[in-house]
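What follows is a single structure, written as structure tokens, with notes after it.
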Amino acid sequence: MSLIVFYSSVGGSLEMKKHQQKIFLILDSKKIPYKAVDIAQSGEDKEEMRRKAGNPKALPPQICNGDTYCGDYDAFENAVEMEKLETFLKL
């Protein structure tokens, strides 16, 4: 399976953009490979993100490992703080 980070390159709040940047920064610093999927480029990607998250109103960033939903930014941040990132990401 491969790690997928759903994000948006347009719109959204400053807080959302900071959350997205922090996820990418942490994954890059730990050399964890991932695929970044910009939901602003395709309505199909947005629907896929929401389907995997199990929430028809889910907003980016959302993280999945293949078809397995890992969580949103708050869950990611909590996993980092608890030093359980690999478990959270299902690696």
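Tell me the label only: which of (1) 12.1, 34; (2) 26.9, 81; (3) 19.3, 58 is Rg and Dmax of the Cα atoms in Å as calculated from this structure?
(1)
Once you sort the root eigenvalues of the Cα gyration tensor of the stretch 1-48 as a ≥ b ≥ c, which label holds: rounded (a/c under 1.5), prolate (a/b larger than b/c) or oblate (the other case)?
oblate
Could you compute the longest span of the chain free of trypsin sites (Lys or Arg not before Pro) located in DSSP loops and having at most 15 other Cβ atoms within 10 Å, not counting the site residues?
1-29
What number, rounded to the nearest 500 deg cm²/dmol, is the helix-based mean residue ellipticity at 222 nm of the chain, given -39500 (n - 2.57) per DSSP H run of at least four residues and division by all its residues?
-13000 deg cm²/dmol
Angle, helix 43-53 long axis vs. longest principal axis of the chain, Cα atoms, 0 to 90°, nearest 10?
Around 40 degrees separate the two axes.
For Ala36, which sequence-distant residues (separation of 5 or more, or a different chain) have an amide H within less than 5 Å of its own amide H, given hydrogens modelled in the peptide plane?
Under 5 Å from the amide H of Ala36 lie the amide H atoms of Val5, each far enough along the sequence or on another chain.
Suppose every Lys and Arg Cβ carries +1 and every Asp and Glu Cβ carries -1, with no other charges. What dipole size does the chain come out with about its Cα centre, to the nearest 20 debye?
60 debye
Would you tell me the accessible area of Asp38, worked out with a 1.4 angstrom probe on the heavy atoms of the protein chains, in Å² to the nearest 10?
So the heavy atoms of Asp38 present about 20 Å² to solvent.
Could you sort Leu91, Leu27 by accessible area so the largest value comes first, with the probe set to 1.4 Å?
In descending accessible area the options line up as Leu91, Leu27.
Counting only protein heavy atoms, what percent of the accessible surface of the chain is carbon or sulfur at a 1.4 Å probe?
Carbon and sulfur: 50 percent of the exposed surface of the chain.
List the lysines whose alpha-carbon lies under 18 Å from that of Lys84, not counting same-chain residues fewer than 8 positions away?
Lys22, Lys30, Lys31
Where does helix 14-29 land angle-wise versus the long Cα axis of the chain, in degrees 0 to 90, nearest 10?
40 degrees
With every protein chain in place, what's the accessible area of Ile32 (1.4 Å probe, Å², nearest 10)?
Surface accessible to solvent at Ile32 totals approximately 20 Å².
For the stretch 42-91, what relative contact order do you get, as a whole percent, if you take Cα pairs closer than 8 Å and at least 6 residues apart?
25 percent
The values are calculated or read from the model by the stated rules, or taken from the named source; none is laboratory data. Since the model is a prediction, treat every value here as computed from it, not as a measurement. For neighbour counting, all protein chains shown are included, and Cβ atoms are generated from backbone atoms with ideal geometry for every residue, glycine included. Please note that ligands, DNA and RNA were not included when accessible areas were found on the heavy atoms of the full protein model with its side chains. Shrake-Rupley method; radii C 1.70, N 1.55, O 1.52, S 1.80 Å.
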